[in-house]
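Visitor: This is the structure I want to talk about, given as structure tokens.
The values are calculated or read from the model by the stated rules, or taken from the named source; none is laboratory data. These numbers were taken from a predicted model, which means no experiment stands behind them. Every residue, glycine as well, gets a Cβ built from its backbone with ideal geometry; the counts of neighbours run over all protein chains shown. Only protein heavy atoms, including side chains, enter the accessible area calculation; ligands, DNA and RNA are left aside. Shrake-Rupley method; radii C 1.70, N 1.55, O 1.52, S 1.80 Å.
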Amino acid sequence: YDKNPASVPSVVYESALESKEVQPGDGAWYFHVQAKTESGWGAVSHFRFRIDTKPPVTPKIRFPHGASTNDPRPVVLFNTTDDTSGIEYYEVAVVGNNLQRVTTDTLDSNPFPLPEQNPGDKKVKVIAYDAAGNFSESVESFTILGIDAPTVDPVTDISAGDIFQISGTTHPTSRIDVFVKDANGNVTEQWGRTSATGSFRVIW
């Protein structure tokens, strides 16, 4: 055996072998076997095999939009390499939650958004598995920032038939939902968006 895919075996065993134990190191190798009969030597057979006892390179994790964000579903990027057998798949989870299996095809075509998170300090774990079952893992911290409660401008008295308007300020460029309950307990909803400075106005 060696690392050449087309080698011709040169060691002759006068008694035909059915098996042979070898001890190759990590990497890609080839078995080469040739049988001799009364008619002479036959063709050489080649068989490729790989040995991989080393884990992948420790995954690198980064947050392209920053590790502190108001987005409850932050995007995380991660990757690594394995020279011998290649990366088979990843497992990803916010620490304290179930791991989610992620294929390399998924990562090649899309950024990976984490599940929706409540505000607070968090950690994400990434485990990389190679084709031989070896693995390595990384953990990185991130923070989901809370959004302050909206400030609502005073509402003047209005009469039936008047335009009803709610205005105020809150987080810039975001959606707001306003709920109004009447005397009978019926609730109606109206939504709008805030400006780049955070101001909003919702009109019924």
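Visitor: Please determine whether any residue of region 123-135 is among the charged types (D, E, K, R), surrounded by fewer than 17 Cβ atoms within 10 Å (Cβ to Cβ), within 13 Å of the chain's Cα centre (by Cα) and closer than 21 Å to THR80 by Cβ.
Guide: Taking region 123-135 first, the residues among the charged types (D, E, K, R) are 123, 125, 130.
Pick out the ones that are also surrounded by fewer than 17 Cβ atoms within 10 Å (Cβ to Cβ) and you get 123.
This time we only want the ones that are within 13 Å of the chain's Cα centre (by Cα), so: none.
There is no residue in region 123-135 that is among the charged types (D, E, K, R), surrounded by fewer than 17 Cβ atoms within 10 Å (Cβ to Cβ), within 13 Å of the chain's Cα centre (by Cα) and closer than 21 Å to THR80 by Cβ.
Visitor: Answer yes or no as to whether ILE166 is assigned to a strand (DSSP E or B) and either of a type in the set (S, T, N, Q) or surrounded by 11 or more Cβ atoms within 10 Å (Cβ to Cβ) (or both).
Guide: Taking the combined requirement at face value, the residue satisfies it.
Visitor: Quick one: which of PRO5, PRO24, PRO9 is in a loop (DSSP other than H, G, I, E, B), farther than 30 Å from THR143 by Cα and more than 40 Å from the chain's Cα centre (by Cα)?
Guide: Criteria check complete, one pass: PRO9.
Visitor: Also: Go through region 76-115 residue by residue and tally those that are crowded, with 17+ Cβ neighbours inside 10 Å and assigned to a helix (DSSP H, G or I).
Guide: Number satisfying all stated conditions: 1.
Visitor: Given (1) farther than 30 Å from ASN118 by Cβ; (2) surrounded by 12 or more Cβ atoms within 10 Å (Cβ to Cβ), where does VAL11 come up short, assuming only one miss?
Guide: VAL11 satisfies all of (1) farther than 30 Å from ASN118 by Cβ; (2) surrounded by 12 or more Cβ atoms within 10 Å (Cβ to Cβ) except (2).
Visitor: Restricting to region 31-55, give me the number of residues that are open to solvent by 80 Å² or more (accessible area, probe 1.4 Å) and either free of Cβ contacts under 8 Å to residues at least 12 places away in the same chain or in contact with a strand residue (DSSP E or B) (Cβ under 9 Å, 6 or more places away or on another chain) (or both). Write out each step before concluding.
Guide: From region 31-55, those open to solvent by 80 Å² or more (accessible area, probe 1.4 Å) are 33, 36-39, 41, 43, 46-48, 50, 53-54; that's our starting set.
Then keep just the ones that are either free of Cβ contacts under 8 Å to residues at least 12 places away in the same chain or in contact with a strand residue (DSSP E or B) (Cβ under 9 Å, 6 or more places away or on another chain) (or both); that gives 33, 36-39, 41, 43, 46-48, 50, 54.
Selection size over region 31-55: 12.
Visitor: Any idea which of (1) closer than 18 Å to SER141 by Cα; (2) modelled with pLDDT of 90 or more is the one ASP71 doesn't satisfy?
Guide: (2)
Visitor: Tell me, yes or no, whether region 16-28 has at least one residue that is out of contact with any strand residue (DSSP E or B) (no Cβ under 7 Å at 6 or more places or on another chain), over 26 Å from GLY86 (Cα atoms) and open to solvent by less than 90 Å² (accessible area, probe 1.4 Å).
Guide: no
Visitor: Next up: Look at region 169-204 and say how many of its residues are outside any loop (DSSP other than H, G, I, E, B), surrounded by 10 or more Cβ atoms within 10 Å (Cβ to Cβ) and aromatic (Phe, Trp, Tyr).
Guide: At the first step, the residues of region 169-204 found to be outside any loop (DSSP other than H, G, I, E, B) are 169, 175-181, 187-193, 199-203.
Retained after the next criterion (residues that are surrounded by 10 or more Cβ atoms within 10 Å (Cβ to Cβ)): 169, 175-176, 178, 180, 188, 190-193, 199-203.
From what is left, the residues that are aromatic (Phe, Trp, Tyr) are 191, 200.
Within region 169-204, residues that are outside any loop (DSSP other than H, G, I, E, B), surrounded by 10 or more Cβ atoms within 10 Å (Cβ to Cβ) and aromatic (Phe, Trp, Tyr) number 2.
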